[in-house]
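To start, the structure itself, in structure tokens.
The values are calculated or read from the model by the stated rules, or taken from the named source; none is laboratory data. On a predicted model such as this, the values are computed, not experimentally measured, just so you know. Please note: Cβ atoms are built from the backbone with ideal geometry, for glycine as well, and neighbour counts cover all protein chains shown. Keep in mind that these areas ignore ligands, DNA and RNA; they rest on the heavy atoms of the full protein, side chains included. Shrake-Rupley method; radii C 1.70, N 1.55, O 1.52, S 1.80 Å.
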Amino acid sequence: MSVVRALAIRLRPFAPQLVLAGVCVAAASASTFGLVPLAKFAGTAFGHLTAGSLNTLVLGLIGLYAARSLFTFAQSALSAHVALELTARLREELFAHLLAQSLRFHQRQRVADLASRLVQDLGVLQQSLAALLAEFVPSVVVIAYALGYIVFLNWRLALCTFVGVPLVGLAIARFGARLHAISTQVQARVADVFVRAQESLAAILVVKAFGREAGELARFGTANRAHADALWRSALVLAVQSPAIAVLQTAALAGVLWVGGDEILHGRLASADLLAFAAAIGIAVDPTQ
């Protein structure tokens, strides 16, 4: 059974919460993307500003952000509840599975390894699932809104955007693959630290009787340093990722602005539409990352 299928089966009892979270995602995304027509309205309104248009703009901005905050809170709370409850059930299921194993199995396994899987790895699963429900799914919805709108607004500008997006996406994918590999190493190194600490402390009488404190400290230090090195590699990748992607995004935005300006000069695009286009792209940047 694949991991995705196994996870889907265990998510079935949470169908009502997931459906409600999905409704909140759609509403929050719609509230977020409502800023795009509001930006277009602002571009037109400030050309011939009146008290009524100014009030409409301010009240619309406050209303959209209030609605977005409310629906985002509900969606985040529901996602967190599902992720925490599912992780708790999986941890109990895994512990029952371990208890059911034979003595031979337990003799071949390191207790610290099993404890790491039970606590550390399932903790990572909980964080990943919460991020999937609270961040990934809403991001996909916002991006879908943005892509549909920019194609409807001006296909030439949209084509320019589609040229830059794959480059940014490729960079994000490369960084993500590297972080995934390092994350696997980090998890393994955490287990090693647990093992070293557990073995030394469990046999503390033997360690002290034979004066093995220095040797045990050296073994623990080696495992701890390996874990720190893996975390350092992860930090370096993250440090490079943001500026590298920012450079690519800036280059893509510069291309869009140039094409948009050319469209305005030739009368194929209004200034307010370019402002709305830029707002749509801006809203889609963070979800894309």
Residue ranges of helices (runs of 4 or more DSSP H) in segment 110-175 with at least 2 members touching a residue at least 60 places away in the same chain (Cβ under 8 Å), small (Gly, Ala, Ser) and under 30 Å from LEU98 (Cα atoms): 111-116
Identify, please: which residue in segment 129-176 is β-branched (Val, Ile, Thr) and within 15 Å of PRO287 (Cα to Cα) and is, among those, modelled with the lowest pLDDT? VAL165
Failed item in (1) within 30 Å of GLY282 (Cα to Cα); (2) within 22 Å of the chain's Cα centre (by Cα); (3) open to solvent by 40 Å² or more (accessible area, probe 1.4 Å), with CYS24 passing the rest: (3)
Members of segment 234-284 found to be small (Gly, Ala, Ser), under 19 Å from the mean Cα position of the chain (by Cα) and farther than 20 Å from GLY148 by Cβ, listed by number: SER234, ALA235, ALA239, SER242, ALA244, ALA246
Residue check, THR222 exposed (fewer than 14 other Cβ atoms within 10 Å of the Cβ), among the polar types (S, T, N, Q), modelled with pLDDT of 85 or more and assigned to a helix (DSSP H, G or I): yes
Any chance LEU217 is open to solvent by 70 Å² or more (accessible area, probe 1.4 Å) and at negative phi: yes
Quick check on ALA202: is it of a type in the set (A, V, I, L, M) and either surrounded by fewer than 16 Cβ atoms within 10 Å (Cβ to Cβ) or free of Cβ contacts under 8 Å to residues at least 12 places away in the same chain (or both)? yes
I'm trying to understand the selection: among the residues of segment 144-168, which are over 17 Å from VAL256 (Cα atoms) and surrounded by fewer than 18 Cβ atoms within 10 Å (Cβ to Cβ)? ALA144
Would you call GLY260 in contact with a Phe, Trp or Tyr (Cβ under 8 Å, 6 or more places away or on another chain), more than 30 Å from ALA115 (Cα to Cα) and open to solvent by less than 30 Å² (accessible area, probe 1.4 Å)? yes
Being under 22 Å from ASP273 (Cβ atoms) and of a type in the set (S, T, N, Q) is the requirement here; does THR72 meet it? no
Any idea which of (1) under 23 Å from the mean Cα position of the chain (by Cα); (2) farther than 30 Å from GLY123 by Cβ; (3) open to solvent by less than 30 Å² (accessible area, probe 1.4 Å); (4) hydroxyl-bearing (Ser, Thr, Tyr) is the one TYR65 doesn't satisfy? (3)
Determine, yes or no, whether LEU49 is at pLDDT below 85, surrounded by 17 or more Cβ atoms within 10 Å (Cβ to Cβ) and under 26 Å from ASN154 (Cβ atoms). no
Just to check your reading of the model, which residue among PHE14, PHE95, PHE71 is surrounded by 15 or more Cβ atoms within 10 Å (Cβ to Cβ) and closer than 24 Å to LEU122 by Cα? PHE14
Meets criteria (open to solvent by less than 90 Å² (accessible area, probe 1.4 Å), under 30 Å from LEU118 (Cα atoms) and at pLDDT 85 or above) for VAL82: yes
Considering only residues that are modelled with pLDDT of 75 or more, open to solvent by less than 50 Å² (accessible area, probe 1.4 Å) and among the hydrophobic types (A, V, I, L, M, F, W, C), which ones fall in segment 271-289? ALA272, LEU274, ALA276, PHE277, ALA278, ALA279, ALA280, ILE281, ILE283, ALA284
